[in-house]
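Reviewing the structure listed below.
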Amino acid sequence: MLARTRTAIFVAALLALFSAKAVAQPVQRPGPDRPNVVLIITDDMGYADLGSYGARDIRTPNLDRLAREGVRFTDFYANASTCTPTRAGLISGRYQQRYLLEAPLGANGAASSAGRGLEASPYSLPRLLKSRGYATALFGKWHLGYTATQSPNAHGFDTFFGLKSGYHDYWRHNDSRGQPDLWENDTPVTVYGYTTDLITARTVKFIEAHAAEPFFIDVAYNAPHWPFQRPETPSVAANNARFVKPADSLTSSRADYVAMVERVDRGVGEILAALEQQGLTRNTLVIFTNDNGGEWLSDNTPLFNRKWTTWEGGIRVPAMARWPGRIPPKQVTPQVGITMDLTATILAAAGVVVPAEAKLDGVNLLPLMEGRTPAMERTLFWRAAVGAGIMRAARDGEHKIVVDGDHLFLYNVRRDPGERTDLARSRPDLARALRLKLESWEAQVNAEAATRR
């Protein structure tokens, strides 16, 4: 009887050991045919606010690491000079003018947001990735509409946590109308903490929970957009987080802004560490960019002007990408790119067969990033509402026109990124050719937009 008992105990111990070994086996990670994608987008960051782009008073070691371990673009552009239009370009992969989204939406319930937004489509970026088996998440800023058919979930994000308006108080999470603006999917939630840190924490948690399947995360930091609240000290943004300007009696400082950017960089470091801890670094494409040019506390050196305009300071932004084993390190490219190119690039990396009906305007930059193809010539267009007026621009190769009211300027922005030397008087032929291309593009997007009115 004792012998049988000992035998039973021994067999049970062996079974437990084999069971433990089976549990300890590494899970199947996403393969190179379906890499994870982490897209990090900041808000209103200046062109020169990263160490890899020349910053001297901001420390960004983690974002600089992406540049060092991958490719950095010198001539990358946002789809627009403000938030909503650029984000529409990303989610649709197309010029946002086609969807009548050329200016930022106001807060929920504001007149400027009534009826406006990006309606859900089967061809949105997250929906196309879901068709390939991806888990999808958006943590951070949405700013593309408030109705059920305009929500992140309707567009194909399995998980959403963040703000739906253009900005909110980083600590109290109320919008410009004083209404709560922190959401878990389509449900308002109350969570204590600094928004940047909350976005980072949710991203890390999602990586840990979905390490065994391919995932796409849109990490949409609202920093360093106003209100310029520091991360180390809880505060209340005055007048529902209104925009403070340089001449205001109680204004913000560059030091406030620096603290906000450095907190984002710390968050990026935590995200990269989470990928490493889960063994996902080599199977993850990490992309960083910004949604438009910097505001008055930003540093746009050597570019001219700021957010809202179609001058280089309003639309040229930092961009970099890392994918170990696929994108060679320490690359710097003059390739001209734009936000909606990231849509096409991510879909190509994920092996998504994009339906012709999607009609993407962006192009796949992955072959360029991987060093398989040389830089290509691009022709890109912008149109932005600036106050009561409209600004336009077109870049073709190394030349760019800016149309501001009745004035047309021509620059070689490769040699003159500060747009100081107007070439219109010496090259009226080129100015006219670019103007005709711009007008042709406008006619095309206007015709499609007319079908949505």
Inset, instruction - Looking only at the stretch 218-227, decide whether some residue is over 24 Å from Leu297 (Cα atoms) and buried (at least 22 other Cβ atoms within 10 Å of the Cβ). - result: yes
Inset, instruction - Go through the stretch 112-143 and give me each residue that's more than 16 Å from Ala358 (Cα to Cα) and assigned to a loop (DSSP other than H, G, I, E, B). - result: Ala114, Gly115, Arg116, Gly117, Gly133, Tyr134, Trp142, His143
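State whether the residues of the stretch 184-201 include one that is closer than 30 Å to Lys359 by Cα and either among the hydrophobic types (A, V, I, L, M, F, W, C) or in contact with a strand residue (DSSP E or B) (Cβ under 7 Å, 6 or more places away or on another chain) (or both). Give the derivation first.
Here is the first cut: in the stretch 184-201, the ones closer than 30 Å to Lys359 by Cα are 185-186.
Next cut, either among the hydrophobic types (A, V, I, L, M, F, W, C) or in contact with a strand residue (DSSP E or B) (Cβ under 7 Å, 6 or more places away or on another chain) (or both) only: 185.
The answer is yes; a qualifying residue exists.
Is it the case, given these coordinates, that Phe409 is touching a residue at least 60 places away in the same chain (Cβ under 8 Å) and either of a type in the set (D, E, K, R) or open to solvent by 20 Å² or more (accessible area, probe 1.4 Å) (or both)?
Numbers: touching a residue at least 60 places away in the same chain (Cβ under 8 Å): no; either of a type in the set (D, E, K, R) or open to solvent by 20 Å² or more (accessible area, probe 1.4 Å) (or both): yes.
When the stated conditions are applied, Phe409 does not pass them.
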Inset, instruction - Please give the number of the condition Arg372 fails out of (1) surrounded by 14 or more Cβ atoms within 10 Å (Cβ to Cβ); (2) among the basic types (Lys, Arg); (3) in a loop (DSSP other than H, G, I, E, B). - result: (1)
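Looking at the stretch 241-255 only, could you name the residues that are crowded, with 18+ Cβ neighbours inside 10 Å and either outside any loop (DSSP other than H, G, I, E, B) or small (Gly, Ala, Ser) (or both)?
First pass over the stretch 241-255, keeping only residues crowded, with 18+ Cβ neighbours inside 10 Å: 241, 244, 252.
Residues satisfying the conditions are Ala241, Ser252.
Could you please let me know if Glu270 is in a loop (DSSP other than H, G, I, E, B), within 25 Å of Asp64 (Cβ to Cβ) and among the charged types (D, E, K, R)?
Numbers: in a loop (DSSP other than H, G, I, E, B): no; within 25 Å of Asp64 (Cβ to Cβ): yes; among the charged types (D, E, K, R): yes.
So Glu270 does not fit the description; no.
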Inset, instruction - Inspect the stretch 321-338 for any residue being open to solvent by less than 10 Å² (accessible area, probe 1.4 Å) and either in a helix (DSSP H, G or I) or over 21 Å from Tyr47 (Cβ atoms) (or both) and give the result as yes or no. - result: yes
Legend entry - Residue that is more than 22 Å from Val71 (Cα to Cα), of a type in the set (A, V, I, L, M, F, W, C) and open to solvent by 50 Å² or more (accessible area, probe 1.4 Å), where the choices are Val386, Val353: Val353
Inset, instruction - Might you check whether a residue that is farther than 30 Å from Ala394 by Cα, part of a loop (DSSP other than H, G, I, E, B) and hydrophobic (A, V, I, L, M, F, W, C) occurs anywhere in the stretch 146-169? - result: yes
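The values are calculated or read from the model by the stated rules, or taken from the named source; none is laboratory data. On a predicted model such as this, the values are computed, not experimentally measured, just so you know. We place every Cβ from the backbone using ideal geometry, glycine too, and count neighbours over all the protein chains shown. The protein model used for the area step is the full one, side chains on, heavy atoms only, and it has no ligands, DNA or RNA in it. Shrake-Rupley method; radii C 1.70, N 1.55, O 1.52, S 1.80 Å.
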